[in-house]
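Right, one structure below, let's go through it.
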Amino acid sequence: EMQLVESGGGLVHPGGSRRLSCAASGFTFSRYVMYWVRQAPGKGLEWISVIRTAGGESFYADSVKGRFTISRDDSKDTLFLQMNSLRAEDTAVYYCAKLGVRDGFDMWGQGTMVTVSS
Amino acid sequence: AIQMTQSPSSLSASVGDTVTITCRASQDIRSFLGWYQQKPGKAPKLLISSASTLQTGVPSRFSGSGSGTEFTLTIGSLQPEDSAIYYCLQDFSFLTFGQGTKVEIK
């Protein structure tokens, strides 16, 4: 079965750090561009980061640039998001995803909640 | 950055009605647009890829059209299970989601 499973969410104090992981299975992870998308409570979807294949060129939304780092370990079929200098406005459900807008192959994890609060 | 303007923000319709949701891009995105359905507590589900390609297993009452800067999602013969929030997503240059349309059943 093809799936993405996120982990690492939880309660973090403002200014703190958190590392999210996303374990892929059932498909050839290394072949695909991967994304992190978040959704604040009661709000819409927000793209925050993308990482290319083989070499891992990455890009970030302005809202997280300089604070978040995306990475991947293709040997372990795992995507990561290192989040530093967290703010209250980073509180959201974080999804890892392989997006299928272009090729129809679309997969999302179940999401992991990150709450930034003192 | 490409902006996506989605309308309406919400709508209420009866079972059997046809509803239309529109997304306008701030620049030409060719056909690099998808439509997603999200139900409470769930990850989004891709309904339409490449502006008009219906995903396997998605009911045929869903259809997408458009290219360039104007795109439409149509739900024909609305069903109770179609109550959800719908988002467009452009994939031409990085990603931009539309603001979402909440579809309610009267």
*Where in the range B:49-92 are there strands (runs of 3 or more DSSP E), lying wholly inside it, with at least 2 residues that are open to solvent by less than 60 Å² (accessible area, probe 1.4 Å), modelled with pLDDT of 95 or more and more than 21 Å from residue A:43 (Cα to Cα)?*
B:62-67, B:70-75
*Determine, yes or no, whether residue A:53 is in contact with a Cys (Cβ under 7 Å, 6 or more places away or on another chain) and away from every other protein chain (no Cβ under 12 Å).*
no
*Can you confirm whether the range B:17-26 contains a residue that is under 30 Å from residue A:112 (Cα atoms), touching a residue at least 12 places away in the same chain (Cβ under 8 Å) and part of a loop (DSSP other than H, G, I, E, B)?*
no
*Of the residues that make up the range B:93-101, is at least one crowded, with 19+ Cβ neighbours inside 10 Å, without any contact (Cβ under 8 Å) to a residue 40 or more places away in the chain and of a type in the set (Gly, Ala, Ser)?*
no
_Could you check the range A:69-96 and list, in sequence order, the residues that are surrounded by fewer than 17 Cβ atoms within 10 Å (Cβ to Cβ) and at positive phi?_
A:85
_Among the candidates A:62, A:73, A:77, residue that is of a type outside the set (Lys, Arg) and touching a helix residue (DSSP H, G or I) at 6+ places or on another chain (Cβ under 8 Å)_ = A:77
*Within the range A:32-44, is there a residue that is in contact with a helix residue (DSSP H, G or I) (Cβ under 7 Å, 6 or more places away or on another chain) and either more than 23 Å from residue B:37 (Cα to Cα) or assigned to a loop (DSSP other than H, G, I, E, B) (or both)?*
no
*Total residues in the range B:75-91, condition within 9 Å of chain A (Cβ to nearest Cβ) and hydrophobic (A, V, I, L, M, F, W, C)*: 2
*State whether the residues of the range A:45-68 include one that is assigned to a strand (DSSP E or B), under 26 Å from residue B:32 (Cα atoms), open to solvent by 20 Å² or more (accessible area, probe 1.4 Å) and in contact (Cβ under 8 Å) with a residue 40 or more places away in the chain.*
yes
*Inspect the range A:83-101 for any residue being within 12 Å of chain B (Cβ to nearest Cβ), more than 29 Å from residue B:53 (Cα to Cα) and either in contact with a helix residue (DSSP H, G or I) (Cβ under 6 Å, 6 or more places away or on another chain) or not in a strand (DSSP E or B) (or both) and give the result as yes or no.*
no
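The values are calculated or read from the model by the stated rules, or taken from the named source; none is laboratory data. None of the values given here were measured: they were computed from a predicted structure. Methodologically, a virtual Cβ is constructed for each residue, glycine included, from the backbone with ideal geometry; neighbour enumeration extends over all protein chains shown. Ligands, DNA and RNA are excluded from the accessible area calculation, which covers all protein heavy atoms including side chains. Shrake-Rupley method; radii C 1.70, N 1.55, O 1.52, S 1.80 Å.
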